[in-house]
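What follows is a set of notes on a single structure, which appears directly below.
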Number of protein chains: 2
Amino acid sequence: MAGEARAEALGKAGQLDFPRPLTTVDVVIFAIRDDRLQVLLVQRPAGEGEPFPLSLALPGGFVDVAKDRDLAACAARKLKEKTGVISPYLEQLGSWGSAARDPRGWSATHAYFALIQADASALTNDARWFPIGGGRLKEKLAFDHGDILASAIQRLRNKVEYTSLPAFLMPAEFTLPDLQRVYEIVLDRSLEKSAFRTRILSADMIEPVAKMRRGPNRPAQLYRLKKGREPVYFVRTFNPPV
Amino acid sequence: MAGEARAEALGKAGQLDFPRPLTTVDVVIFAIRDDRLQVLLVQRPAGEGEPFPLSLALPGGFVDVAKDRDLAACAARKLKEKTGVISPYLEQLGSWGSAARDPRGWSATHAYFALIQADASALTNDARWFPIGGGRLKEKLAFDHGDILASAIQRLRNKVEYTSLPAFLMPAEFTLPDLQRVYEIVLDRSLEKSAFRTRILSADMIEPVAKMRRGPNRPAQLYRLKKGREPVYFVRTFNPPV
DNA sequence: CATACTTAGTTGTACAGTCCAACTTACTTA
DNA sequence: TAAGTAAGTTGGACTGTACAACTAAGTATG
């Protein structure tokens with residue numbers, strides 16, 4: 001209990017002048033670009049006393065007790081600052097705190113993950129997209145951001161098995177094969193076409209628009225997300241790979 | 001990014017002397033007692049300057065940067081202090097942070113939830129079990145602990161639909177109807193017997209012991225958890241109620 | 001202008017697992 | 001011995017996926 005811990009730490013009731021951990025918020029921002037799942041990273045500054053100078057890191061930083069009403073607002077602010085995106089899918093991922101993760105002292109970060117549509121964003125100069133998977137990215141990140149990123153990918157993959165989360169990675173209008181492709185990119189395995197269609201269409205989450213996508217072959221029906229953008233939860237996962 | 005936010009807050013590079021939020025850890029501890037899901041709560045102290053004096057609250061308190069290597073260790077310490085239990089199921093639930101949740105200032109708590117077996121615990125004097133559901137508990141809790149508790153219950157119910165989490169609430173040996181009853185208590189609805197048995201037995205998570213539970217009627221096979229106590233994830237939820 | 005090619009979308013059969021309900025089994029108690 | 005109760009099994013209806021073959025609608029090619 002708070003009172004007790006304070007007494008433990010200090011032996012002085014009614015005061016709060018014991019050491020406090022640093023408090024930060026970091027955001028794992030995903031988008032689909034070039035048919036791959038990509039994550040937005042920034043380069044750390046090189047100033048004196050800066051930990052991990054010039055390393056890649058997740059966008060984030062200290063909570064500003066004057067500016068940020070709460071953690072979600074802080075995460076949304078960081079997302080907006082880096083991408084210009086205002087209202088995407090933003091979910092809390094977890095928190096990481098220890099004595100060792102930041103050389104400046106005991107620190108705890110509150111991690112969020114966001115799904116945005118890459119084309120709808122206007123990046124700041126210091127931010128760049130990096131594809132997931134090929135790049136041996138994990139080891140290159142500052143702090144424990146490699147762990148956080150790995151955790152975000154795992155959470156995303158996991159939820160994609162039984163939710164409509166990929167819909168938030170799509171442009172305003174898309175076809176069912178487009179959507180299936182995004183599922184397959186995130187899951188890194190192919191899905192069965194007819195079962196996929198049955199599932200998505202019976203979930204009542206998208207509606208056809210009066211247009212077709214035309215290409216070098218048979219045109220495809222375009223859809224858009226229905227209003228009320230909460231993700232849909234299915235009662236089954238896609239059957240796992242053999 | 002950290003360096004930037006610091007500059008924002010301070011305009012003074014290489015220093016960390018801007019205001020830091022309070023950092024706490026709280027633990028939602030669940031157990032089955034008297035055929036009900038119950039949660040462990042403590043009473044807040046009455047000292048001067050104490051917020052929410054004598055209110056009920058989740059066990060928890062400030063991170064002790066000298067004692068706690070990381071957040072999970074801090075949560076495990078609080079769990080141990082209140083219950084004597086050392087190695088239960090302990091999962092991070094999320095974090096809650098805002099300017100308003102604690103009258104002493106901007107604060108963020110890292111919430112964990114634990115599943116333990118009630119009989120295996122030795123409570124401290126200030127801690128008591130409270131049943132979930134009937135008690136209009138939410139409004140009585142200090143801080144935003146009502147929200148945190150509600151969130152923990154939701155997460156637990158949700159996961160029980162497709163995982164073996166209730167196994168961690170069971171004593172060392174139990175019967176399949178015992179386990180089914182715990183699922184039903186948590187989910188607050190009845191499950192179908194044969195489907196339940198098929199699912200649990202084919203999950204390869206429990207093994208029979210060479211004993212039967214005897215009672216006033218047909219004896220039941222006793223089981224225990226298999227080694228390697230990770231929870232099992234099913235590919236389907238129990239079918240939701242009509 | 002027919003034919004091949006490609007992708008969109010449908011159909012049908014097999015299969016897995018739940019739901020529902022009836023059934024058998026094994027024990028205690030009257 | 002019969003009644004009662006909970007453990008555990010069985011079988012048919014139903015839902016949704018897997019797999020595979022099919023039809024549909026367009027472009028490109030000769």
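The values are calculated or read from the model by the stated rules, or taken from the named source; none is laboratory data. All figures in this text were calculated on a predicted structure; none of them were measured in a lab. Counting neighbours? That spans all protein chains shown, and the Cβs are built from the backbone with ideal geometry, glycine included. Side chains are part of the model used for accessible areas, which takes the heavy atoms of the whole protein and leaves out ligands, DNA and RNA. Shrake-Rupley method; radii C 1.70, N 1.55, O 1.52, S 1.80 Å.
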Is there any pair linking a residue in the stretch B:131-148 that is open to solvent by 50 Å² or more (accessible area, probe 1.4 Å) to one that is of a type in the set (A, V, I, L, M, F, W, C), with Cβ under 8 Å and at least six apart or on different chains, and which?
-> B:133/B:37; B:138/B:149; B:138/B:150; B:140/B:56; B:147/B:96
Before we move on, is residue A:79 assigned to a strand (DSSP E or B), open to solvent by less than 10 Å² (accessible area, probe 1.4 Å) and under 17 Å from residue A:122 (Cα atoms)?
-> no
What pairs can you find where one residue is in the stretch B:180-203 and open to solvent by 50 Å² or more (accessible area, probe 1.4 Å), the other is away from DNA strand D (no atom under 13 Å from the Cβ), and their Cβ atoms are less than 8 Å apart, with a gap of 6+ or different chains?
-> B:181/B:35; B:188/B:133; B:188/B:157; B:195/B:238
In the stretch A:145-241, which helices (runs of 4 or more DSSP H) lie fully inside it and hold 3 or more residues that are away from chain B (no Cβ under 14 Å) and within 16 Å of DNA strand D (Cβ to nearest atom)?
-> A:176-187, A:193-202
Which pairs have Cβ atoms under 8 Å, sit 6 or more apart or on different chains, and link a residue in the stretch B:46-69 that is at the interface with another protein chain (Cβ under 7 Å from one of its Cβ atoms) and within 22 Å of residue B:29 (Cβ to Cβ) to one that is open to solvent by 70 Å² or more (accessible area, probe 1.4 Å) and of a type in the set (A, V, I, L, M, F, W, C)?
-> B:69/A:100
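Table: residues versus (1) charged (D, E, K, R); (2) more than 30 Å from residue B:98 (Cβ to Cβ).
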residue: B:156; (1), (2): no, no
residue: B:195; (1), (2): no, yes
residue: B:201; (1), (2): no, yes
residue: B:204; (1), (2): yes, yes
residue: B:209; (1), (2): no, yes
residue: B:218; (1), (2): yes, yes
residue: B:226; (1), (2): yes, yes
residue: B:235; (1), (2): no, yes
Within the stretch B:180-192, is even one residue within 16 Å of DNA strand C (Cβ to nearest atom), assigned by TED's automatic domain parsing to the domain that holds residue B:215 and aromatic (Phe, Trp, Tyr)?
-> yes
Under the condition of being at the interface with chain B (Cβ under 8 Å from one of its Cβ atoms) and more than 13 Å from the chain's Cα centre (by Cα), which residue from the stretch A:75-99 is farthest from residue A:172 (Cα to Cα)?
-> A:99
Every residue from the stretch A:108-128 that is assigned to a strand (DSSP E or B) and open to solvent by less than 30 Å² (accessible area, probe 1.4 Å) = A:108, A:109, A:110, A:111, A:112, A:113, A:114, A:115, A:127
Within 8 Å of chain A (Cβ to nearest Cβ), in contact with a Leu (Cβ under 7 Å, 6 or more places away or on another chain) and in a loop (DSSP other than H, G, I, E, B), is that true of residue B:105?
-> yes
State whether one or more residues within the stretch A:151-170 are without any contact (Cβ under 8 Å) to a residue 40 or more places away in the chain, out of contact with any strand residue (DSSP E or B) (no Cβ under 9 Å at 6 or more places or on another chain), within 19 Å of residue A:230 (Cα to Cα) and among the β-branched types (Val, Ile, Thr).
-> yes
Residues satisfying the stated conditions in the stretch A:206-242, i.e. open to solvent by less than 40 Å² (accessible area, probe 1.4 Å) and within 25 Å of the chain's Cα centre (by Cα) = A:206, A:223, A:225, A:231, A:232, A:234, A:237, A:238
Quick check, is residue B:41 more than 19 Å from residue B:21 (Cβ to Cβ), open to solvent by less than 10 Å² (accessible area, probe 1.4 Å), not in a strand (DSSP E or B) and not assigned by TED's automatic domain parsing to the domain that holds residue B:183?
-> no
